[in-house]
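Read through the structure below, which is laid out as structure tokens, and then see the notes.
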């Protein structure tokens, strides 16, 4: 009955919201441009769509490999349509540790179409976006590593799927906007801009929500129906809030990506996810590039947020009678908890630059989050790192960086490992936390082509799980190296 009420409420709210937005747009009460989206590690084409129509000055200097596509892009631009196509390919391999050694290729093709509805049909302040993913190759993490912090942000089941499908309306002269439809939360919530160059997925959509939320949450490569409002009361402050379907897969069993194989489940039958975030911009750069030197302060962004999911969550240690799940007399049915939640904070800060006009700068980031330890495999997570932009003269757009990701095993999951050692499997490893260190160098050869070298080292994969064929021996620490290339067409 509770799920039915939630479903009815979400559906009614979305329908009413869409009607209201269209009415606002038809009355032409807002004329501001759509706000810029943030970019996760996977560098989705939905972001690139906003800039892909820029006219190139030459093959090597243009923003896209295909330029104006024989006049197609300028023609579409007259009607407010932008087209973006991007290919990310990489090869990663573990030299030590894991359940097996070896390498794996994986790739991601992203297509996005955006429409400025003011140009297209005269709907002032309205915009429409649809994007699709074609995921190919093999997941090194699933095959060789078994880590909680996935080695690459583009890993996923091989498939062709819808990613996002939404309508956005700007209101109040650009001070607010509402987005409704199929959305991926890693585009706007919990984002750290300074963490974007890193390949490991935890520096994009962090390991805590990826492991604790049903189906990994509404984040690449899944999305879910919902509505999001953004309000900008001043240049420094931004407030984001939204309500979304609680499970993007539509099922709590099996592989979530196979349960929603093509991204078209449009599920509202598994509870609700409520999320909110407050952002503060310190010394924000001026909107007009001509005034870049006007402020001498170092820019930064600070965020506080939370999420709450209304579904039921299984206890990580006790069954429905209070016995340990490791007890041979256990029913094997975990105790159920109503709801799950997390609090998080994100900080991005430039800490040094020799001049306001030059490209060189040092930037740091930190992201910390926590969740209840009884119903979550991860109850505490931290990401932190530093990047150096323009590390060498003449390499203005290159980025070098080093970062650390830490995922602490929840208290009940740690206790369950101890129970297993005491009750059924002597020598079963204890669990504590997984830590990954990543060093990367991103070389931008042209505006449309990036080549990146990467190295990652994992300590205690999955916090210390045993080898598949030896329950008394942990999976060894892992050293992963690889290369990624990204081309914007």
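Values in this text are rule-based calculations from the coordinates and carry no lab data. Since this is a predicted model, take the numbers as computed values, not measurements. Heads up, the Cβs are rebuilt from the backbone with ideal geometry, glycines too, and the neighbour counts pull from every protein chain shown.
Highest mean packing first, where packing is the average number of other Cβ atoms within 10 Å per residue, the peptides 239-249, 137-147 line up as 239-249, 137-147.
Among 368-374, 328-334, sorting by the average number of other beta carbon atoms lying within 10 angstrom of each residue, highest first, gives 368-374, 328-334. The alpha-carbon atoms of region 235-281, seen along their principal axes, cover 43, 19, 16 angstrom, with the largest extent given first. Taking the number of Cβ atoms within 10 Å of each Cβ as an exposure proxy, the fewest-first ranking of 336, 89, 127 is 336, 89, 127.
Summarised in one figure, the compactness ratio Rg/Rh of region 159-235, Cα atoms and Kirkwood Rh, is 1.02. What separates the Cα centres of region 142-181 and region 80-132 is a distance of 9 Å. Note on residue 459 and residue 75: with the Förster distance fixed at 60 Å, the Cβ-Cβ geometry gives a FRET efficiency of about 0.65.
For the Cα atoms of the chain, what angle does the longest principal axis make with the long axis of helix 411-423, in degrees from 0 to 90, nearest 10? Once rounded, one gets 30 degrees. Placing pseudo-labels 7 Å out from each Cα toward the beta carbon at residue 105 and residue 337 gives an inter-label distance of 4.3 nm. Can you give me the Cα centroid spacing of region 398-473 and region 207-230 in angstrom? Result: 22 Å between the Cα centres. Run the paramagnetic zone check for residue 60: 7 angstrom along Cα to Cβ, then residues of region 398-426 with backbone nitrogen under 12 Å. In region 398-426, the label zone of residue 60 (backbone N under 12 Å from the point 7 Å along Cα→Cβ) covers no residue.
Using the Cβ-Cβ distance between residue 360 and residue 481 with R0 set to 22 Å, the FRET efficiency from 1/(1 + (r/R0)^6) comes to roughly 0.25. Size descriptors for region 248-403, from the alpha-carbon set: Rg then Dmax equal 22.8, 72 Å. Against the main long axis of the alpha-carbon atoms of the chain, helix 2-26 sits at an angle near 10°.
Based on the reciprocal of the average 1/r between different C-alpha atoms, the Kirkwood radius for region 337-458 equals 17.4 Å. Once both labels are positioned 7 Å from their Cα atoms along Cα-to-Cβ, the gap between residue 264 and residue 142 label points is 2.2 nm. Per-residue Cβ neighbour counts within 10 Å put 210, 355 in the sequence 355, 210, beginning with the fewest. A P(r) calculated from all alpha carbon pairs of region 329-386, with 10 Å bins opening at zero, reads 18, 28, 21, 15, 10, 5, 2 percent.
From the helices alone, meaning DSSP H stretches of at least four residues, give me the mean residue ellipticity at 222 nm for the chain, per-run term -39500 (n - 2.57), in deg cm²/dmol to the nearest 500.
After summing the helix terms and dividing by residue count, I get -3500 deg cm²/dmol.
Listed by Cβ neighbour count within 10 Å, with the fewest neighbours leading, 341, 428 appear as 341, 428.
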